[in-house]
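The structure appears right after this line, and notes come after that.
Quick note: the coordinates plus some simple rules give every number you see, no bench work behind them. Being a predicted model, the structure only gives us computed values, none of them experimental. Cβ coordinates were reconstructed from backbone atoms using ideal geometry, including for glycine residues, and neighbour counts include every protein chain displayed.
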Amino acid sequence: MTYVEAKRKARKELGPSGTAWEEPFSPLAFRFCIGVELPGQRMRVGVGASWDEAFKDAEERTKK
């Protein structure tokens with residue numbers, strides 16, 4: 001999945017404020033992030049070592 005595809009999927013699943021981003025210098029192995037972007041901040045909903053893992057994590061977290 002490309003960055004553009006991930007961003008599109010995040011908007012589809014999380015609404016108009018849904019977004020996807022990479023944290024290339026993350027001290028953890030989780031550098032792909034899915035979440036919601038509000039003015040001045042991002043809230044992570046899912047993280048993973050790939051876009052697919054990040055979406056899976058977001059799905060599991062939002063089920064609870």
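Before moving on, here are some points about what is shown:
- A simple spin-label model places pseudo-atoms 7 Å from Cα toward Cβ; at LYS63 and ARG11 they are separated by 2.8 nm.
- The largest-to-smallest principal axis extents of the Cα set in the chain are 28, 26, 23 Å.
- Ranked list, fewest to most other Cβ atoms within 10 Å of each Cβ, for ASP57, ASP52: ASP52, ASP57
- Label separation (ARG42 vs VAL4): 1.9 nm, computed from points 7 Å beyond Cα along the C-beta direction.
- Here the residues VAL45, VAL36, ranked from fewest to most Cβ neighbours within 10 Å of their Cβ, fall in the order VAL36, VAL45.
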